[in-house]
C-alpha cells in the first residue's frame, strides 16, 4: 500500500437506475437487445418508461457501482461523474456519500437532468439497459480534478464513457494524469456493443494507457474479433499489466505476464438480477489488489462481490461485503 | 358487484418512499419513535437523509399502496392524491398508472416538491416512517372529483390525511359525495400517534361517516383509550358496518354486526420489512368484498396480501397477488 489518500478514484456516467421485472414478451415487443446497453434520447426514455411496469429506483452507473463496492469493503475511494441539482441527482449524491465515497463534483445548476437507466429484468435474471445519459454526458477533461487523481493509487474508468467524444478526452487526460503522478490505470470494457462501436480506439487505449483491464467473455472476444475465449486470452496477454476476464457462472481468468489464474465462480443461491455483476467483480478485485493480496485471491474477492449483487435487485451491495470477504482473505497466500 | 366503473377510489398522501436498512443505534441516535410515523419539515428531511445509509426509492403512500394492491388483484381502481411535476412525482404517477390505476390528478406546476417518506428498517424488520408531506399536504375538497367518487362502489381514505386541516375537509366532502351516490366509505386509522392527536374527530368520523374501518391493535386501543384488544373490539362493534382489526402475527378479527371472524395470519417465511402490511391487508379485504366473497375469506385475502409485502423491501406487491389469492378463493364459502 502506498501513502496516497485514496486506493481508487472512479470516473463514469453518474446514473440512477429504474428497475422493473418484465416478461420476455416485453423485450421483444419493445425491440430491446437482451443483455445489452443502448443509449436512448429524451423521447425514447419517456416512451419506454410509460410502457414499463412499476419499478424501484436505485443509484447505479457502472464505475459508481464499483467505487461504492470498494467502499463497502473498507477501501478509501473517490468518484468523478456529473449530476444535475434535481431529485435524482440528490439521490445519487446521497447514496455515494452515504457509502463512504468522496464525491464533490458540484451538481450542475442547468442543462439536462440527471442520467437515468431504465433496466428491465427478465425471468432468467438477465438485465437489459436503456440509458438516457442526460447531464452525465457533459463530463469533460475540466471535470478531472488533477489533485484528486494524483492522490489515488489507481484511476478506474468505465468503457461506457467512450460513447461521448468529450468523455474520451476526459479518460485520456485522466489516465495521463494518473501515470504522471505514479499511479495506475484501469478500464472496464463495459459492453460488447460499445466495444464493437469503438474497437480500434479501445485496442489503442488498452495497449498504451491501461494497466488493468476488466472485460467479460463477449467483450474481450469482440475487442479482438475472435470466436473463442482462449483466442481472446492469448491476444490480450501482454497487452496490459493485468487482464481480468469474467465468464459469468464459469468464474474468471486473471492474466498478468506469465501468471494465469483460473478462478472458479463464487457459489450463489437464486440469481435475481445480474445488474452490477461485472461492476462488483471489479470492486472485489481492486480492493484486494490495493490491500496487497495475490492475484488469485483478488479474483476470488471479485467473484464473491459479484455473487452478492446478483442475489438481489439492484446494482449496489446489500449484505456486508467485508464479512463475506473475511473467509477468502483468511486463506490468502499472498500479502 | 354493482355497475359502477370502479370498485374502489382511494384518497391519500401521494408519497415516494426512500428506504434504508439501519441498526438499532441509528433509531436511538436520531431520536426516532420506532414503528411510528412522524411528520418532518424540509430542514429535518435534509438532515435525516444525510444521516441515512444508501437506500432505494419506491412509490408509497398508504392509500396509494392499498389501491395498487387492489389493482394487482385485478380490481378496477382510481386514486386521488397530489404530486409536483418533478422527478419523484413522475415516478409516483408512472408507478400508479403502470399498476393499472386510474390516476389523472394533474401534477402541480409550482409549490413544494413531491412528498417523500424516509423509511428506516431495523434488523427486526420494523419500519419507522419520517414523512415530508411536500405538495401532498395541499389536497383539498377541490381535488375530490365528484364524478370519480360517484363512479366507485367505495371511497377509501387514509387516516394520515387527518394531520392537515384542508385534507380533513377533503375526506368529509369525499365521504359525503360517496354516500350521496349510493356508495360506501372506508377509513384506515393509519397510526396510533395520529389517532392520539385526533381521537375525538376520529371517533366522530367512525360513527357518522365510515362504513368500513381498518385499524391495528394499537390504533383501535388508542381510539377507545382501552388497554386490551377485547375491550377495543367490544367498543367498536356496532359503531360502523364492518371493522377489520389487524394483529400482526396474530392475524385479524373482522366484526360486522353479529358476525365476528377470527382469522389466522397467513404463513410467511422471513419477514424483511413490515412497511405496507396494513395497506395490503386493506387491498386483499376490499378486493374480496368487491368480488362478493364472505367476510372470513376477505380477511384471509387481506392476510395473504400483507404476508407477501412483508417478505421483501418496499410497500407494493412484487409477486402475483392474483396467483396467491387463487387457493383462498377456491375454498371460499360465500359469493
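The values are calculated or read from the model by the stated rules, or taken from the named source; none is laboratory data. Owing to the predicted nature of the structure, the values given are computational and were not obtained by experimental measurement. Here the Cβ is made from the backbone with ideal geometry for all residues, glycine too, and neighbour counts use every protein chain on show.
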**Message:** Return the residues of region A:315-335 that are within 21 Å of residue B:23 (Cβ to Cβ), within 14 Å of chain B (Cβ to nearest Cβ) and either touching a helix residue (DSSP H, G or I) at 6+ places or on another chain (Cβ under 6 Å) or surrounded by 18 or more Cβ atoms within 10 Å (Cβ to Cβ) (or both); say none if nothing qualifies.
**Reply:** A:316, A:317, A:319, A:321
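Mind checking which residues of region A:101-118 are assigned to a strand (DSSP E or B) and either surrounded by fewer than 22 Cβ atoms within 10 Å (Cβ to Cβ) or out of contact with any helix residue (DSSP H, G or I) (no Cβ under 6 Å at 6 or more places or on another chain) (or both)?
Pass one, region A:101-118, residues assigned to a strand (DSSP E or B): A:102, A:108, A:115-118.
Within region A:101-118, A:102, A:108, A:116, A:117 meet the criteria.
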**Positions within region B:135-145 being in contact with a strand residue (DSSP E or B) (Cβ under 8 Å, 6 or more places away or on another chain) and assigned to a helix (DSSP H, G or I), in sequence order** = B:135, B:136, B:137, B:138, B:143
**Prompt:** Any residue at all in region A:290-298 that is within 15 Å of the chain's Cα centre (by Cα) and part of a helix (DSSP H, G or I)?
**Reply:** no
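Looking at B:69, B:55 in this structure, which one is touching a strand residue (DSSP E or B) at 6+ places or on another chain (Cβ under 7 Å), buried (at least 17 other Cβ atoms within 10 Å of the Cβ) and within 13 Å of chain A (Cβ to nearest Cβ)?
Details: B:69 fails: touching a strand residue (DSSP E or B) at 6+ places or on another chain (Cβ under 7 Å).
Testing whether each residue is touching a strand residue (DSSP E or B) at 6+ places or on another chain (Cβ under 7 Å), buried (at least 17 other Cβ atoms within 10 Å of the Cβ) and within 13 Å of chain A (Cβ to nearest Cβ) leaves just B:55.
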**Complete:** A careful count of residues in region A:74-100 that are without any contact (Cβ under 8 Å) to a residue 40 or more places away in the chain, surrounded by fewer than 24 Cβ atoms within 10 Å (Cβ to Cβ) and under 17 Å from the mean Cα position of the chain (by Cα) gives 0
**Message:** Being at pLDDT 95 or above, out of contact with any helix residue (DSSP H, G or I) (no Cβ under 7 Å at 6 or more places or on another chain) and either within 11 Å of chain A (Cβ to nearest Cβ) or under 30 Å from residue A:116 (Cα atoms) (or both) is the requirement here; does residue B:81 meet it?
**Reply:** no
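May I ask you to list the residues in region A:196-205 that are assigned to a helix (DSSP H, G or I), touching a residue at least 12 places away in the same chain (Cβ under 8 Å) and surrounded by fewer than 23 Cβ atoms within 10 Å (Cβ to Cβ)?
Kept after step one, since they are assigned to a helix (DSSP H, G or I), are these residues of region A:196-205: A:196-197, A:199-205.
Keeping just the survivors that are touching a residue at least 12 places away in the same chain (Cβ under 8 Å) gives A:196-197, A:199, A:201-203, A:205.
Result: A:196, A:197, A:199, A:201, A:203.
Within region A:252-289, work out how many residues are part of a helix (DSSP H, G or I) and farther than 25 Å from residue A:326 by Cβ.
Initial filter on region A:252-289 (part of a helix (DSSP H, G or I)): A:277-289.
This time we only want the ones that are farther than 25 Å from residue A:326 by Cβ, so: none.
So the count comes out to 0.
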**Message:** I'd like the full set of residues that are under 12 Å from the mean Cα position of the chain (by Cα) and part of a loop (DSSP other than H, G, I, E, B), limited to region A:151-191.
**Reply:** A:189, A:190, A:191
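Can you tell me which residues in region A:20-35 are in a helix (DSSP H, G or I) and either surrounded by fewer than 17 Cβ atoms within 10 Å (Cβ to Cβ) or within 14 Å of chain B (Cβ to nearest Cβ) (or both)? Talk me through it step by step, then tell me what you get.
Our first condition is that a residue be in a helix (DSSP H, G or I); within region A:20-35, this holds for A:24-29.
If the condition is that a residue be in a helix (DSSP H, G or I) and either surrounded by fewer than 17 Cβ atoms within 10 Å (Cβ to Cβ) or within 14 Å of chain B (Cβ to nearest Cβ) (or both), then A:24, A:25, A:26, A:28, A:29 are the ones that fit.
Using the structure shown, decide if residue B:219 is surrounded by fewer than 20 Cβ atoms within 10 Å (Cβ to Cβ) and either part of a helix (DSSP H, G or I) or within 19 Å of the chain's Cα centre (by Cα) (or both). First the steps, then the outcome.
On the way: surrounded by fewer than 20 Cβ atoms within 10 Å (Cβ to Cβ): no; either part of a helix (DSSP H, G or I) or within 19 Å of the chain's Cα centre (by Cα) (or both): yes.
For residue B:219, the condition - surrounded by fewer than 20 Cβ atoms within 10 Å (Cβ to Cβ) and either part of a helix (DSSP H, G or I) or within 19 Å of the chain's Cα centre (by Cα) (or both) - is not met.
Out of contact with any helix residue (DSSP H, G or I) (no Cβ under 8 Å at 6 or more places or on another chain) and part of a helix (DSSP H, G or I): does that describe residue A:249?
Working: out of contact with any helix residue (DSSP H, G or I) (no Cβ under 8 Å at 6 or more places or on another chain): yes; part of a helix (DSSP H, G or I): yes.
Here the answer is yes, as residue A:249 does meet what is asked.
Can residue A:148 be described as more than 29 Å from residue A:270 (Cβ to Cβ), more than 14 Å from every other protein chain (Cβ to nearest Cβ) and either in a loop (DSSP other than H, G, I, E, B) or touching a residue at least 60 places away in the same chain (Cβ under 8 Å) (or both)?
Working: more than 29 Å from residue A:270 (Cβ to Cβ): yes; more than 14 Å from every other protein chain (Cβ to nearest Cβ): yes; either in a loop (DSSP other than H, G, I, E, B) or touching a residue at least 60 places away in the same chain (Cβ under 8 Å) (or both): yes.
Yes: the conditions hold for residue A:148.
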**Request:** Could you tell me which numbered condition residue B:112 fails, if it satisfies all but one of (1) more than 14 Å from every other protein chain (Cβ to nearest Cβ); (2) modelled with pLDDT of 95 or more?
**Result:** (1)
**Request:** Go through region A:296-314 and count every residue that is farther than 17 Å from residue A:61 by Cα and in contact with a helix residue (DSSP H, G or I) (Cβ under 8 Å, 6 or more places away or on another chain).
**Result:** 9
**Message:** Looking only at residues that are at pLDDT below 95 and in contact with a strand residue (DSSP E or B) (Cβ under 6 Å, 6 or more places away or on another chain) in region A:256-312, which one is surrounded by the fewest Cβ atoms within 10 Å (Cβ to Cβ)?
**Reply:** A:274
**Item:** Single condition residue B:243 does not satisfy, out of (1) out of contact with any helix residue (DSSP H, G or I) (no Cβ under 6 Å at 6 or more places or on another chain); (2) under 20 Å from residue B:155 (Cβ atoms); (3) crowded, with 22+ Cβ neighbours inside 10 Å
**Value:** (1)
